[in-house]
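Have a look at the structure below before the remarks.
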Amino acid sequence: MLILLPPSEGKAAPRRGKPLDLASLGSPALTPARSQVLDALVELCDVGRDPSVPTQNAVLLSHAAATLGLGPSQSDLVHANAALRTAATARADRIYTGVLYDALDFATLSPAAKRRATARVGIASSLFGMVRPGDAIPAYRLSGDVTLPGLGPVAGVWREALEPVMREALGKGLLVDLRSGMYAAFWRPPADLAPQVATVRVLHEHNGQRKVVSHFNKATKGRIVRAVLEHGGAPRTPDGFADLLVELGWDVEVHAPTKKGTQLDVVVSEL
């Protein structure tokens, strides 16, 4: 089973750690694409450091921030990106933060669940394509909808590079796809893998109406992953995964299979 998570926009920057070594990351077939994206990102952000041309510095810094979708007060993130090759790294499960990761709480999983997470969890990444929880990475800022000068949309880079890697990672197991739409665009499982694909949507039901609530959607997905890892079950079909979620206490509705996979709706009544 492969549980595929979205990254978090915010990240915890480690104070110490070895510098980034692309060759040490899992899925080494992604190294060439990772190197391309890293080079383009560092080149874009390596600005604003020449004191002799302050006006030019400001223009270049503003351009880099705008390209990355950052505000005027976030120039520190541009400079941090420029130093990614030498920045300290830590395990990916310590770098990614936010609602989903707070609810999942890798650090407090049982030893057995941590071993399962290492083998079964993948995290979509604009910079690295996909990483595993134990991969050593730096904190970075790069959203999935960014177009990098000289390279193009990062989503396009990963659409080409991820196909063989994801097939190999999935094998004959079940893909539990919890990515948001932006990161789902990096790699969409082709129709021949549809019987192995379960996507999960969290719906809040109140007064007979259902809607997606972003914050609670993320938190519930984090709790689902945590419970599944602690349980240890590894169903091989979407229906089997739905049965596991029911066993773990969730209200689940299973949609009809499509060429994209099977959607599971987890319906909750309390935020």
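The values are calculated or read from the model by the stated rules, or taken from the named source; none is laboratory data. This structure is a prediction, so every number in the text was calculated from the model and none was measured. So basically every Cβ, Gly included, is an ideal-geometry build from the backbone, and we count neighbours across all protein chains shown.
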If only one of 191, 184 is farther than 28 Å from residue 19 by Cβ, under 11 Å from the mean Cα position of the chain (by Cα) and either surrounded by fewer than 20 Cβ atoms within 10 Å (Cβ to Cβ) or at pLDDT below 95 (or both), which one is it? 184
Residue 105 - would you say it is surrounded by fewer than 20 Cβ atoms within 10 Å (Cβ to Cβ) and within 28 Å of residue 169 (Cβ to Cβ)? yes
Of the conditions (1) over 25 Å from residue 163 (Cβ atoms); (2) at pLDDT 95 or above, residue 37 clears all except one; give me its number. (1)
Residues being under 15 Å from residue 121 (Cβ atoms) and part of a helix (DSSP H, G or I): count how many of those fall in segment 216-243. 12
So if I check each of 61, 68, which one is at negative phi and at pLDDT below 90? 61
Answer from 33, 13 - the residue that is hydrophobic (A, V, I, L, M, F, W, C) and part of a helix (DSSP H, G or I): 33
Among the residues of segment 131-173, what is the count of those that are part of a strand (DSSP E or B) and touching a Ser or Thr at 6+ places or on another chain (Cβ under 6 Å)? 4
Within segment 82-102, residues over 15 Å from the mean Cα position of the chain (by Cα) and either closer than 14 Å to residue 128 by Cα or small (Gly, Ala, Ser) (or both) come out as 82, 83, 84, 85, 87, 88, 89, 90
Number of the exception - residue 189 against (1) outside any loop (DSSP other than H, G, I, E, B); (2) closer than 18 Å to residue 263 by Cβ: (1)
Restricting to segment 111-143, what's the tally of residues that are closer than 23 Å to residue 173 by Cα and small (Gly, Ala, Ser)? 9
Please enumerate the residues belonging to segment 71-100 that are among the polar types (S, T, N, Q) and either in contact with a helix residue (DSSP H, G or I) (Cβ under 8 Å, 6 or more places away or on another chain) or surrounded by 16 or more Cβ atoms within 10 Å (Cβ to Cβ) (or both). 74, 75, 81, 89
Members of segment 252-266 that are in contact (Cβ under 8 Å) with a residue 40 or more places away in the chain, more than 23 Å from the chain's Cα centre (by Cα) and surrounded by 14 or more Cβ atoms within 10 Å (Cβ to Cβ): 257
Looking at segment 1-29, which of its residues are closer than 24 Å to residue 231 by Cβ, within 15 Å of the chain's Cα centre (by Cα) and of a type in the set (A, V, I, L, M)? 2, 3, 4, 5
Log entry, pairs with first residue in segment 14-32 being in contact (Cβ under 8 Å) with a residue 60 or more places away in the chain and more than 19 Å from residue 118 (Cα to Cα), second being polar (S, T, N, Q) and crowded, with 16+ Cβ neighbours inside 10 Å, beta carbons closer than 6 Å, six or more apart or on different chains, reads 17/89; 18/89; 20/89
Candidates 148, 174, 127 - the one that is closer than 14 Å to residue 260 by Cα, of a type in the set (A, V, I, L, M) and in contact (Cβ under 8 Å) with a residue 40 or more places away in the chain: 174
Taking residue 210 and the conditions (1) modelled with pLDDT under 95; (2) within 17 Å of the chain's Cα centre (by Cα), which numbered condition does it fall short on, given that it satisfies the others? (2)
